[in-house]
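Data first, discussion second: the structure below is written as structure tokens.
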Ligand code: PRP
């Protein structure tokens, strides 16, 4: 029994992820002109991406994290955003990049942008590994996008189903029989 057996197909393999992340890191360093960058990871899905992205940025990098809850207990976004953990430090005057594993409806990011903009950062940008190609509930500008993806239930490289599969080294599509009939899905 292997966790890989639950995957219908690999959407983005590990080498392709790393190659794109190297490009994103270089672009972020270029855009901030070598000045310090504060990467804000949105727990938990962004953790694996953030760890690799930080190492791809050739500039001083600081890390901070926020935890929010937007999905309640079902597979559909409920449109509610709750702060479970706020940033440890102030962001005033800093170049901030919000790091997400995936933008789906855009509700989470829209809320976070409104909240953090009020705290006076020098700049505030968004870097998302995956961008679901479907109509957004809220319009947001995503400055850095790793990969646009189809509207499928994807797991791996930080993305979960019922808190599992985050440790897969690639992005894959889950076999329908794995999630059918179950309700405690993640994102
Ligand atoms: C996922 C993802 C984003 C959000 C995107 O998080 O990491 O935070 O959903 O969806 P939206 O664009 O529709 O708001 P999730 O709530 O599943 O938590 P997790 O990162 O801990 O898996």
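Things worth noting here:
- Within the stretch 51-80, residues that are farther than 20 Å from residue 154 by Cα reach partners that are within 16 Å of the ligand (Cβ to nearest atom) and at pLDDT below 60 with beta carbons closer than 7 Å, at six or more positions or on different chains, in the pairs 80/72.
- Considering the stretch 40-56, the residues that are in contact with a strand residue (DSSP E or B) (Cβ under 7 Å, 6 or more places away or on another chain) and surrounded by 21 or more Cβ atoms within 10 Å (Cβ to Cβ) include one that is nearest to residue 121 (Cα to Cα), namely 40.
- Among the criteria (1) at pLDDT 95 or above; (2) more than 16 Å from the ligand (Cβ to nearest atom); (3) within 16 Å of residue 125 (Cα to Cα), the one residue 34 does not fulfil is (1).
- In the stretch 96-139, the residues that are assigned to a loop (DSSP other than H, G, I, E, B), closer than 22 Å to residue 32 by Cα and in contact (Cβ under 8 Å) with a residue 24 or more places away in the chain: 119, 120, 121, 122
Results for (1) closer than 15 Å to residue 102 by Cα; (2) over 12 Å from the mean Cα position of the chain (by Cα); (3) at pLDDT below 90, shown as yes or no for each residue.
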| site | (1), (2), (3) |
| --- | --- |
| 132 | yes, no, no |
| 144 | yes, no, no |
| 147 | yes, no, no |
| 159 | yes, no, no |
| 162 | no, yes, no |
| 173 | yes, yes, no |
| 176 | no, yes, no |
| 186 | yes, yes, yes |
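- Restricting 62, 23, 8 to residues that are assigned to a strand (DSSP E or B) and either within 14 Å of the ligand (Cβ to nearest atom) or loosely packed, with under 15 Cβ neighbours inside 10 Å (or both) narrows the list to 8.
- Of the residues making up the stretch 107-136, those that are more than 10 Å from the ligand (Cβ to nearest atom) and touching a strand residue (DSSP E or B) at 6+ places or on another chain (Cβ under 7 Å) are 113, 116, 117, 121, 122, 123, 124, 125, 126, 127, 133.
- The residues of the stretch 140-182 that are within 19 Å of residue 51 (Cα to Cα), touching a strand residue (DSSP E or B) at 6+ places or on another chain (Cβ under 7 Å) and either within 14 Å of the ligand (Cβ to nearest atom) or part of a helix (DSSP H, G or I) (or both), listed by number, are 145, 146, 155, 156, 157, 158, 159, 165, 166, 168, 171.
The values are calculated or read from the model by the stated rules, or taken from the named source; none is laboratory data. Treat the numbers as computed from the prediction; the structure is a model and nothing was measured. Cβ: placed from backbone, ideal geometry, glycine included. Neighbour counts: every protein chain shown.
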